[in-house]
Amino acid sequence: MRGLALAAGALLAPAAALAAAFAGVEVPPPPAPRPVFDTHWGVKVEDPYRFLENTADPEVQKLMRAQADAAQAILDRIPGRDKLLARVREIDDATPAVVGAVQRDDKGVLYYLKRDAKANQLKLYTRAASGGEESLLVDPEAESRAAGKPHAINGFTVSPDGRRVAFVMAVGGAEIGALRVIDTKTREEVQPRTDRVRGGQVGWLPDSSGFFYGRLAEGYEKRPRAERFMDVLSYLRRLDAPAADKAVFGPGLHPEVDIDRSSSGALFVARGTGLVAALVYHGVDRNRSLFVADQAGVLEGKPRWRKVFDRGDQVNAVAAGGGWLYAKTAKDAPRFKVIRLALPEADPARAATVIPAGEEVIAEIAAAKEGLYVTTRRGPAKTLTRIAHDAGAKAEAVPMPFEGNIDLVDADGDTPGLVLTLGGWTRAAKHYLLAGAGASATPLALAPAGRYDEPAGIVSREVMVKSHDGVAVPVSIISRADIRLDGRSPAMLYGYGAYGIVEEPGWSPRLLAWLERGGVFAIAHVRGGGIFGDAWHRAGWKTTKHNTWKDGIAAAEWLVAQGYTAKDRLSIYGGSAGGIFVGRAITERPDLFASAVVGVGNTDSLRSETRANGAGNIPEYGTFTKEDEFRGLAAMSPYANVKPGAAYPAVLFEHGVNDIRVDVWMTLKTGSRLAAATSSGKPVLMRLEYDAGHGPGATRDQAQRRTADRWAFMLWQAGAEGFQPAP
């Protein structure tokens with residue numbers, strides 16, 4: 001930790017000397033530091049911009065506005081930016097519609113989120129699975145116009161009988177909104193609105209007479225910052241008694257439910273078994289707990305819960321169907337295995353292995369009436385198999401129209417078949433219906449084909465790059481087929497590397513606006529992600545987190561060495577947890593990149609657990625209350641590793657001010673410290689949006705402008721012709 005202590009003791013240059021102009025616009029200097037010192041495990045850590053965490057302070061608000069205005073003014077003056085935005089919009093306009101979540105009721109009727117080419121926000125529609133005319137159920141744009149603020153559907157769940165839809169509407173990019181219930185025939189609300197709901201899905205009772213939902217504690221917004229999202233309880237709502245909701249699950253509610261205050265449950269009924277199951281999310285921990293209780297007791301508001309799994313069983317997904325409870329687990333299976341337990345006993349001691357551990361990574365499981373569906377992968381592409389619910393049944397391959405990325409979208413243990421999506425790096429994902437055993441995947445045609453769904457002349461490549469310790473890291477590269485490996489192309493390296501999440505192959509037509517300018521897009525599947533299963537995740541997690549950004553550095557060096565780009569044309573980009581990937585790559589190797597873009601980035605790791613969403617993220621990053629994990633946090637924190645006088649690349653921070661997952665003060669602090677420290681003379685900009693949050697719920701216009709600004713910034717810093725502003 002000597003390096004950290006040395007950095008903490010270094011003097012920052014006077015803020016007044018740091019004002020600079022770019023594209024004819026003066027960027028306000030970072031505020032003068034007001035050092036605060038914390039001591040953890042004998043290490044004294046300086047935090048010069050702690051005061052920026054108080055975003056309610058009028059002085060901090062003034063700084064934010066000044067930085068946001070300057071950043072946008074500079075981005076607007078990049079010569080090619082408007083043409084790039086126009087091209088992004090032109091491509092979007094040629095995409096007839098974008099489809100989001102899809103669900104079915106017991107009759108197989110479809111309910112889905114969709115945004116057509118003229119719309120600015122996803123709307124909720126319904127349609128028969130066989131086709132025909134679709135019907136609009138909920139239009140957030142109408143509410144946006146009336147209120148003057150963007151509204152978005154956070155999530156929805158249709159009742160089994162199809163007569164009701166429960167959904168959560170949020171405002172201004174927030175992810176906490178009001179739970180509403182509408183009649184699918186009249187489109188009218190049939191229940192009182194319920195506030196303090198984070199997320200958007202509920203667990204309906206099989207007879208559609210009510211549902212389970214989670215709700216934040218009353219007065220959560222007045223609690224200490226680190227406790228705001230604790231003590232989430234699950235309630236039972238009976239449609240005929242909406243004023244008599246009963247709390248039936250949550251921390252501290254029942255003595256047999258031994259979960260901490262940061263944990264919460266998602267409740268569902270395992271139909272035909274007489275059981276209600278509570279799948280427990282321990283913050284961001286991939287390992288879940290599972291409790292079950294007799295349905296009769298739960299409906300009376302007097303449940304007696306019984307634990308089936310806890311985190312030590314390393315279960316991260318479950319599905320119920322055919323009288324079985326299926327579980328995907330990493331216990332003794334670094335690339336996962338699938339086990340099943342007979343219901344209603346749900347006895348772990350009698351669990352049987354359905355799919356043993358092997359070389360392939362098990363990705364998803366979903367139960368339908370005819371069996372369990374499982375996707376597996378060896379690399380980016382996946383295969384689909386089905387196993388009948390009969391004891392001793394063998395896995396059968398389910399053929400797909402083409403090889404690509406398969407995502408299981410909607411399945412229910414009492415309904416035949418499932419809805420899935422299939423796509424790839426250069427082929428837009430489409431929704432398909434598997435009607436049941438032996439059926440072929442049939443396109444649902446929820447949206448017409450777009451002009452750029454399968455663009456000619458665009459190719460993808462899969463390569464393996466040796467990292468700092470000799471481990472081979474997969475990198476996916478998308479570019480024009482005619483690209484020359486002469487180091488002249490601008491390149492964008494993307495990475496995330498957290499929570500075991502995989503960067504699945506997927507094509508966004510909007511990317512064409514980057515590629516047709518000769519740009520290269522590379523995705524580094526770094527450790528901390530899950531492309532090779534649980535072991536790959538844990539190799540970039542807590543005290544092993546250094547592998548995440550070092551894998552990114554190795555990928556960047558490889559792209560340069562192979563001629564895909566050059567250091568002065570290479571940009572690195574990541575968002576949220578990817579802020580660590582980007583921030584530590586540029587603080588460790590500032591010479592390797594022309595620019596960096598950090599979207600809603602978690603960049604102050606040592607203060608991460610003090611934020612409202614922080615306690616739930618301790619399972620991923622660690623806590624400063626443990627010595628080894630404190631040292632891991634200090635090493636992974638971009639903010640803590642900024643060195644005065646280093647020549648940093650140009651940096652663009654993007655952040656929605658209403659972000660509840662990663663507070664905007666992370667950007668304010670890290671951006672200010674970088675701007676005060678850098679000796680390169682390159683810009684450090686903070687692009688702040690006041691009607692946006694972490695990302696979900698962004699309008700089409702917001703997303704288009706964000707994309708154009710980001711790529712114009714990268715092309716400017718890469719020296720691209722037509723993107724160089726006048727001094």
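Here residue 57 meets the list (1) in contact (Cβ under 8 Å) with a residue 12 or more places away in the chain; (2) more than 30 Å from residue 708 (Cα to Cα) almost entirely, failing just condition (1).
From the list 177, 210, the lone residue that is of a type outside the set (A, V, I, L, M), modelled with pLDDT of 95 or more and under 21 Å from the mean Cα position of the chain (by Cα) is 177.
Restricting attention to the stretch 692-727, the residues being in contact (Cβ under 8 Å) with a residue 40 or more places away in the chain, over 30 Å from residue 48 (Cβ atoms) and not hydrophobic (A, V, I, L, M, F, W, C) number 14. The residues listed here are 296, 357, 351; of these, the one that is open to solvent by 20 Å² or more (accessible area, probe 1.4 Å), under 21 Å from residue 238 (Cβ atoms) and at pLDDT 95 or above is 296. Checked against (1) under 22 Å from residue 549 (Cα atoms); (2) open to solvent by 10 Å² or more (accessible area, probe 1.4 Å), residue 725 passes all but a single condition, namely (1). Contact map, the stretch 24-47: residues that are β-branched (Val, Ile, Thr) paired with residues that are surrounded by 13 or more Cβ atoms within 10 Å (Cβ to Cβ) and in a strand (DSSP E or B), Cβ distance under 9 Å, separation 6+ or inter-chain. Pairs shown: 27/20; 27/684; 27/685; 36/46; 36/47; 39/45; 45/38. Can you tell me which condition residue 370 does not meet? The list is (1) over 30 Å from the mean Cα position of the chain (by Cα); (2) surrounded by fewer than 17 Cβ atoms within 10 Å (Cβ to Cβ); (3) of a type in the set (D, E, K, R), and all the others hold. Going through (1) over 30 Å from the mean Cα position of the chain (by Cα); (2) surrounded by fewer than 17 Cβ atoms within 10 Å (Cβ to Cβ); (3) of a type in the set (D, E, K, R) one by one, residue 370 breaks only (2).
Looking for something farther than 26 Å from residue 227 by Cβ, surrounded by 21 or more Cβ atoms within 10 Å (Cβ to Cβ) and hydroxyl-bearing (Ser, Thr, Tyr) - is there at least one such residue anywhere in the stretch 606-625? No, the stretch 606-625 contains no residue that is farther than 26 Å from residue 227 by Cβ, surrounded by 21 or more Cβ atoms within 10 Å (Cβ to Cβ) and hydroxyl-bearing (Ser, Thr, Tyr).
Whether a residue is surrounded by fewer than 19 Cβ atoms within 10 Å (Cβ to Cβ), closer than 23 Å to residue 656 by Cβ and not acidic (Asp, Glu) was assessed, and residue 152 does not pass this test.
Conditions (1) assigned to a helix (DSSP H, G or I); (2) of a type in the set (Lys, Arg); (3) modelled with pLDDT under 95, marked per residue:
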residue	(1), (2), (3)
60	yes, no, no
63	yes, no, no
83	yes, yes, no
102	no, no, no
119	no, no, yes
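No other residue among 346, 319 is in contact (Cβ under 8 Å) with a residue 60 or more places away in the chain and touching a Phe, Trp or Tyr at 6+ places or on another chain (Cβ under 6 Å) apart from 319. Of all residues in the stretch 386-412, those that are open to solvent by less than 30 Å² (accessible area, probe 1.4 Å) and either modelled with pLDDT under 95 or over 13 Å from residue 324 (Cα atoms) (or both) total 7. Across the stretch 383-406, the number of residues qualifying as closer than 14 Å to residue 423 by Cα, part of a strand (DSSP E or B) and free of Cβ contacts under 8 Å to residues at least 60 places away in the same chain comes to 3.
Applying a threshold of 9 Å to beta carbon distances and a minimum spacing of six or more residues, or different chains, the list of pairs starting in the stretch 667-679 at a residue that is farther than 15 Å from residue 604 by Cβ and ending at one that is polar (S, T, N, Q) is empty. If only residues of the stretch 357-381 that are acidic (Asp, Glu) and not in a strand (DSSP E or B) are counted, the one that is farthest from residue 438 (Cα to Cα) is 359.
Quick check on my filter: what residues within the stretch 626-636 are buried (at least 20 other Cβ atoms within 10 Å of the Cβ) and touching a Gly at 6+ places or on another chain (Cβ under 8 Å)?
Step one: list which residues in the stretch 626-636 are buried (at least 20 other Cβ atoms within 10 Å of the Cβ), which gives 630, 632-634, 636.
Within the stretch 626-636, 630, 632, 633 qualify.
One residue is enough: does the stretch 655-666 have a residue meeting the conditions acidic (Asp, Glu), open to solvent by 10 Å² or more (accessible area, probe 1.4 Å) and touching a Pro at 6+ places or on another chain (Cβ under 8 Å)? For the stretch 655-666, residues acidic (Asp, Glu), open to solvent by 10 Å² or more (accessible area, probe 1.4 Å) and touching a Pro at 6+ places or on another chain (Cβ under 8 Å): absent.
The values are calculated or read from the model by the stated rules, or taken from the named source; none is laboratory data. The structure presented is a predicted model; accordingly, all values stated were derived computationally and were not measured. Cβ: placed from backbone, ideal geometry, glycine included. Neighbour counts: every protein chain shown. These area figures cover heavy atoms from the full protein model, side chains too; ligands, DNA and RNA do not enter into them. Shrake-Rupley method; radii C 1.70, N 1.55, O 1.52, S 1.80 Å.
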